[in-house]
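Trainee: This structure is in structure tokens; I'll ask about it shortly.
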Amino acid sequence: QIHTRRFFCDLPEGSPQNCSSKPMFGHLFSKEEHFIGRHVDMQEVIRLISLQRLVTVRGPPGIGKTSLSKAVAHYMNDRTMFKDGVLYTSLRGAQSTETVISRLCLCIKDQCVDEGISSYTETDLEKYILKVLREKDLCLVMDNVEDPLNAETVPFRECLQKLVENLPSVKFLLTSRSAVGGGLSGVTEKVYTVHSLDAISAARLFEKRCPRPLDMAELRVSVVGNPNGTPSSRFRQRTLAGDTALVLLSKHPVLNILGGHPQAISLAAPLLSDRSLKELYELLNARMLDVLQVADIPVEERNQVNTLVASLQVSIDHLRKRNLDAVRFFSLMGLLPSGAREVDFDVYWGSGWRDLADALMRASLIGKKQQPKSDERYSTFPFVTLYAQRILQANDRKMFCVRVCRHLAEICESLFMVVGNLTAESDAAYDILSAEESNFWSCLQRYADDESLGSLTDDNPSASLSSICALSSSTNATMGSNSADSVANSTANSTTSGQSGLSSATLSGLSVMSYPLSSTPSHIGKVASFFASCLFLVGRVRDGQRAADIGMSIVNKLSDTMSQANLRK
């Protein structure tokens, strides 16, 4: 009976009205049309800003920091979480603290609902901001803080410090590729890192951005190849008869290329207006960096919004001014599409790489992730890997290609000795094979490309394949800041249990082929032979045949008879 009772029946009928006071700042921008896969992130940022005065949303370029901050601003403003509202300003392109102050003043006048405040005529802009916002209960959202922070680090920090000290009731939500850092008195910066979208959310965003509908037949078409070298059979094995269109799309190689990166997805999806998914895949596979931009944009008008390359270039230019070795280390990542572990970088770089990796992580150019049943891996998005390879200098390319090939050959051999043995070491080998597979394919394709191999010699860009045979022996003499002794020791210990993930007892019995360490072609032959054999042993016959075919095309040109025999077997 309680459900039939009428409450407030003695009150006259009428329309409900909102009697709460209007916030001072409420003229916000429009909401994002497609805000997908970020609602958990949004709630976590809101939780942090409710507890802290300064929160920084950090992430790589194009990951969705601006969209997230706008969604948070609208959510807080709609629910009047702050009595005086939310004030939003974009600092993209601001190269000085004067520009920051000017934009804050402009936003105050544009977004303030109090006409009296908007008509203030204070000539000192900084005093104007403090006068208007003092004692106000509001959240100040400053987007793209990395631009003024990189251009004038100390002056911007001083400006932020003054705002924090003089506006005790204001909370600050910043978005940036790097954190502001410690040292601000009276406030603690909490950093929330934004990561890539999950597979289903990435597929949903791609579907929303696509200019035409996708049919099931198109989604089920198999595609040969992968920009990281991984054949499409991995995707075919995961396709089930009962999968929905969204699930099929989430498993498609195109989505794998884009890596759950929102800006990459938003730039790639419109390309489907006059292409099939297969044609889009082939286009991205051939020249992803060049096509991930708004179509028909003149070169002089390309910026961080309409092209990914320009966005990455901003971060690299800033890093190049301060830490050239960090840029070199970043370019090394271009040879490692599936990333690398700490023990791998001890071989590829030598000592001192950890500080460089930390600098790249602070700039949100690479990330570190704990793999299941494996060591932590440093990696980045596929298109970032391609960009890193593009900026790899000739001398570094010569040195790093040799080191990577040599080390991958040793990993391949150690895997071959135990994979499929139904032991604990075999289980570990499966995990390592899965984690390193893209690196193996990338190494093979690099050496299979005549033009790429020719570029390994500085003096003669058109040198033949056999001319790289003596490269390895001369590499340690030109290592720059990396000592020859440290690299030699790292190489000698590269098949320890910590490096391969296999037990030392297992590795101690490995019979290493008698290839001279100075013979790079022999090492690429080992990569091809052992990698193809591992794929055959785990039942991936087509992939193993493809690896063997690529390897045979390489060793035939190098007259590497031992590798030819192994590949024929």
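Trainee: Round to the nearest 10 and report in Å² the accessible area of His39, as given by a 1.4 Å probe over the protein chains' heavy atoms.
Mentor: 100
Trainee: Amide H neighbours of Thr80 under 5 Å, at least 5 residues apart or on other chains, H built in the peptide plane: list them.
Mentor: Placed amide hydrogens put nothing under 5 Å from Thr80.
Trainee: Follow-up question, since we're still on this one. Once phi is turned into ³J(HN,Hα) by the Karplus curve 6.51 cos²θ - 1.76 cosθ + 1.60 with θ = phi - 60°, what whole-Hz value does each residue of the stretch 47-58 show in order, with x for glycine and proline?
Mentor: 4, 5, 5, 6, 9, 10, 8, 10, 10, 10, 8, 10
Trainee: Of the accessible area of the stretch 145-188, with the probe set at 1.4 angstrom, what percent is carbon plus sulfur? Show your work: numbers first, answer last.
Mentor: Details: 780 of 1530 Å².
So the carbon and sulfur contribution to the accessible surface is 51 percent.
Trainee: For the stretch 154-223, what does the alpha-carbon gyration tensor say about shape, rounded, prolate or oblate, given a ≥ b ≥ c as the root eigenvalues, a/c under 1.5 as rounded, and a/b over b/c as prolate? Before the final figure, lay out each step's value.
Mentor: Numbers: a/c = 4.48, a/b = 3.71, b/c = 1.21.
The shape class here is prolate.
Trainee: Listed highest first by mean packing, meaning other Cβ atoms within 10 Å per residue, what order do 559-565, 65-71, 389-395 come in?
Mentor: Details: 559-565: 17.0, 65-71: 22.7, 389-395: 15.1.
Ranked by mean Cβ neighbours within 10 Å, highest first: 65-71, 559-565, 389-395.
Trainee: With every protein chain left in place, what is the accessible area of Cys112 in Å² (1.4 Å probe, nearest 10)?
Mentor: 10
Trainee: Would you mind pulling out the separation of the Cα centroids of the stretch 242-276 and the stretch 130-162, in Å?
Mentor: If you average the Cα positions of each part, the centres end up 38 Å apart.
Trainee: Go through the stretch 71-84 residue by residue and turn each phi into a ³J(HN,Hα) via Karplus (6.51, -1.76, 1.60, θ = phi - 60°); whole Hz please, and just put x for glycine and proline.
Mentor: 5, 5, 4, 5, 4, 5, 5, 5, 9, 6, 5, 10, 4, 9
Trainee: Sort Lys127, Lys526, Lys569 from largest to smallest accessible area, using a 1.4 Å probe on the heavy atoms of the protein chains.
Mentor: Ranking Lys127, Lys526, Lys569 by accessible area, largest first, yields Lys569, Lys127, Lys526.
Trainee: Okay, moving on. Sort Met42, Met417, Met81 by heavy-atom solvent-accessible area, probe 1.4 angstrom, most to least.
Mentor: Values: Met42 15, Met417 55, Met81 75 Å².
Putting Met42, Met417, Met81 in descending order of accessible area: Met81, Met417, Met42.
Trainee: Which entries in Lys109/Lys162; Lys208/Lys398; Lys321/Lys526; Lys321/Lys557; Lys65/Lys398; Lys321/Lys368 show an alpha-carbon gap greater than 32 Å?
Mentor: Values: Lys109/Lys162 21 Å; Lys208/Lys398 43 Å; Lys321/Lys526 40 Å; Lys321/Lys557 42 Å; Lys65/Lys398 37 Å; Lys321/Lys368 24 Å.
Too far apart for the 32 Å limit: Lys208/Lys398; Lys321/Lys526; Lys321/Lys557; Lys65/Lys398.
Trainee: Return the whole-Å distance between the Cα centroid of the stretch 333-403 and the Cα centroid of the stretch 36-76.
Mentor: Using only Cα atoms to place each centre, the spacing works out to 28 Å.
Trainee: Hey, another quick one. How would Met216, Met361, Met76 rank on accessible area, largest to smallest, probe 1.4 Å? Provide the component values of the computation, followed by the final result.
Mentor: Values: Met216 75, Met361 40, Met76 0 Å².
So the residues, ranked largest to smallest area, are Met216, Met361, Met76.
Trainee: Under 5 Å between amide H atoms, partner at least 5 residues away or on a different chain: which partners does Tyr192 have, H built in plane at 1.01 Å?
Mentor: Thr56, Val57, Arg58
Trainee: One-quarter of the Cα convex hull surface for the stretch 7-87, in nm²?
Mentor: Value for the stretch 7-87: 8.3 nm².
Trainee: Can you pull the accessible area of His27 for me, 1.4 Å probe, Å² to the nearest 10?
Mentor: 100
Trainee: Shape verdict for the stretch 383-435, please, from the Cα gyration tensor: rounded (a/c under 1.5), prolate (a/b greater than b/c) or oblate. Walk me through the numbers on the way to the answer.
Mentor: Working: a/c = 6.29, a/b = 2.27, b/c = 2.77.
Oblate is the answer for the stretch 383-435, as a/c is 1.5 or above yet b/c matches or exceeds a/b.
The values are calculated or read from the model by the stated rules, or taken from the named source; none is laboratory data. Values in this document were obtained by computation on a predicted structure and should not be read as measured data. Please note: Cβ atoms are built from the backbone with ideal geometry, for glycine as well, and neighbour counts cover all protein chains shown. What goes into the accessible areas is simple: the full protein's heavy atoms, side chains included, and nothing from ligands, DNA or RNA. Shrake-Rupley method; radii C 1.70, N 1.55, O 1.52, S 1.80 Å.
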